[in-house]
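> Submitted below is the structure of interest, expressed as C-alpha cells.
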Amino acid sequence: MRLSTRIGLAVGCTVPLLVLAFGWLLLHLVARDLHSAQDRQLRQRAATLAPDARALLRASTADRPRAADLSERRLYSAALDVGIRVIGPDATFQGGPQPAASVPLPARAAGPVTVRAGGTGWRALSRQVRTADATGTLWVFSPDSADRGQLRLVRRRVLLITLLAAPLSGLIAWGLAAGATGPLRRLTRRTAGLDPRTSSARPYHRRTGVTEVDDLAATVSTVLARYDEQAGRTAEALETARSFSAAAAHELRTPLMSLGTNLDILAAHPDLPDPDRTEVLTDLRREHARLLHLLVMLRELGRADLVEAEAFRAVDLTEIADAAVAEARRRAPGARIALDAAPGVTVHGWEPGLRLLLDNLLANALVHGRDARGRAVVSIAVRHAGERAVVTVDDGGPGVPPDLRQRVFDRFRRGPDSEGSGLGLTLVAQQAALHRGTVTVADGPHGVGARFEVRLPAGVAAAPPERRDWLIGTAGANRPQSSHKDPS
C-alpha cells in the first residue's frame, strides 16, 4: 500500500472520530447552557410565586374556601409559562404544564432536577413554604429545553458532517500526501536502476526543500559511498590474499625441494654415516627455519597492506626504539648497540609497524654490518629535524654500493650469502611509505659501513597513503643481488 493511500485512510478514519468527539462535546456544552438558562428562570418564578403559594396554603389550612379559590387563581395567573404544584398537609393544588401526578418526584432537591415522564423531560425546582399552622412544598415545572428540537437538529447535523468528513478528508489527505511524496518517488526512480556491483554511477539529488527526502537522499549517498569503500577494501583483501598465495608458492618451492631432497637421502640411506647424517639434519633445520621466517615475513607484509587509518595514533618513537634495542641486545649479546634518542619524539603512526621497522633495521645491521673481524657495532639515533622525526641506524660493515642502494628494498632481494627471506628491508620500506615517510641508504659515518635513514612526519595526524601491494611488486626481480640485505 502506498504511503499516500495509508495517509488518506488514516485521515479518513481519524477525522470522523474527531468530528464525533467534538460534536458530543458541543452537545454537552449546549445542553448545559440551556439548563442554566432554564434553571435561572425557574428560580425567578419560584421566588415570585412563593408569597401566593403561602397564602393558598394558609387559606386551605384555615378552611376558607373562597379565600383559597382567590389565592389559587392569583397563583395560576402569576405562573405564566411554568407549571406549578403546591403540596399541603391536606390537599394538593396544581396547574400549568407538568408531569402527571403519578410521576414520582424527588423527596428533597436542593436545586433544579430533571424528571422524566414517558418520553418527555421536565426541569423541576422545589421550594418549602411555611405558614403559622402548616408547612408545604411549592414545585415549579418547565419542559426540558435540552430535549427539544434544537439539540436534535444539532445531533443530526453532527452525524451528517461526520458522514461527509470521512470521504472528503480521506481524498484531501490522499491528494496532499501524493504531492508531498512526489520527491520521494522521483528519488526512488533515480536509485532503482543503480547496481553498485556493475556500475559506479551514483544518483544526483537536487534539494527539494522537503527535509525528510533530502535527508534520505544524503543517507543513500552515504550508504553507497560506504559500500564503495568496503567493496574496495574487500577487493584489496582478496588481491592481497592472492598475492600472498602466489608469493608464498614461488618462494617456498626451493626450500621445500631442498627439504624433500634431504628427506629422500635419509630415507634411501638408513645406514648413512653419522657425519653425513648430521650434515643433512643441519640442512633440514636451516631450511625449516628459513621457511618459518619467510612465512612470518609474508604475513607481516600482508598485514601492513590491510591496516586501516583507525589503527593510527600518537606514538612515542623514543620508547619504541628503546624496546627494539633491548630486544636486539638480548638476541645478540656479543654485539655493541648504542642508542642516542631524544625524549618525546612523537609521530602519528601504527605502533606495531614502527616496531617492525626498527626491528628489521637492527637485525639487518647485526647480520650485514659486521666489520672484517666479525664484530657488530651498531648505532641508532632518534631525533627531531624540523617537522620530521629522523631515525638513523649505522653499522661498521662493508656498506652498500651506490648502484644497489635502491634495489636493496626490492622484494626477495638477498645477498649471495644471505639465508634470510629477502623481505626484511622490504618491510622497512613498506612501513616508511605507510607512514608517509622515506627510507634511504648511504655511506656510514666517516665513509665506513652503511647508514639507513628513515624520515617520518612528526606528530602529524595524516591518513595512510595510497595503498600499494608490496606482495606482488616485481621491481628488481632480475637485478643483481645486494650484499647488504635481509638479516636471517
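Only the coordinates and a few stated rules stand behind these numbers; no lab work does. This one's a predicted model, so the numbers in the text were calculated from it and none came from an experiment. Positions of Cβ are backbone-derived with ideal geometry, glycine not excepted, and every protein chain shown enters the neighbour counts.
> How many percent of the alpha carbon pairs in region 58-124 exceed a separation of 20 Å?
37
> Would you mind computing, in nm to one decimal, how far apart the modelled labels at Glu236 and Leu80 are, each placed 7 Å from Cα along Cα→Cβ?
Once both label points are built, they end up 9.8 nm from each other.
> Using θ = phi - 60° and the Karplus relation 6.51 cos²θ - 1.76 cosθ + 1.60, list the HN-Hα couplings for region 337-351 in order, rounded to whole Hz, with x at every Gly or Pro.
Values per residue, Gly and Pro as x: 10, 10, 10, 10, 10, 6, x, x, 7, 10, 10, 9, x, 9, 4 Hz.
> Just want the ordering: Phe22, Phe312, from fewest to most Cβ atoms lying within 10 Å of their own Cβ.
Lowest to highest Cβ neighbour count: Phe22, Phe312.
> Also, quick follow-up: Can you figure out the FRET efficiency of Thr135 with Val103, using R₀ = 22 Å and their beta-carbon distance, to the nearest 0.05?
0.45
> From the phi of every residue in region 271-283, what ³J(HN,Hα) in whole Hz does the Karplus formula 6.51 cos²θ - 1.76 cosθ + 1.60 yield, where θ is phi - 60° and glycine or proline is x?
Listing the rounded values in order: 9, 4, x, 4, x, 5, 4, 5, 5, 5, 5, 4, 4 Hz.
> Shifting gears a bit: Near the amide H of Arg388, under 5 Å away, which other amide H atoms are found, from residues 5 or more places off or on another chain, if H is placed in the peptide plane?
The list, which skips near neighbours in sequence, is Ala458.
> Loop-only trypsin sites (Lys or Arg not before Pro) in region 2-58, please: DSSP not H, G, I, E or B, and at most 13 other Cβ atoms within 10 Å.
Passing sites in region 2-58 are Arg2.
> If you take every residue apart from Ser36 with its C-beta less than 12 Å away from the C-beta of Ser36, what net charge results, scoring Lys and Arg +1 and Asp and Glu -1?
+2
> Then there is this: Give the Debye-formula value of log10 I(q)/I(0) at each listed q (0.11, 0.18, 0.21 Å⁻¹), with one equal scatterer per alpha carbon of region 1-116, two decimals each.
With no solvent term, the Cα-only Debye profile gives -0.55, -1.01, -1.21.
> At R0 = 56 Å, how high is the FRET efficiency between Ala323 and Tyr227 if r is their beta carbon distance? Nearest 0.05 is fine.
Calculated value: 0.90.
> Multiply the residue gap between Arg277 and Ala311 by 0.36 nm, knock off their C-alpha separation, and tell me the result in nm, one decimal place.
Additional length available on full extension: 7.3 nm.
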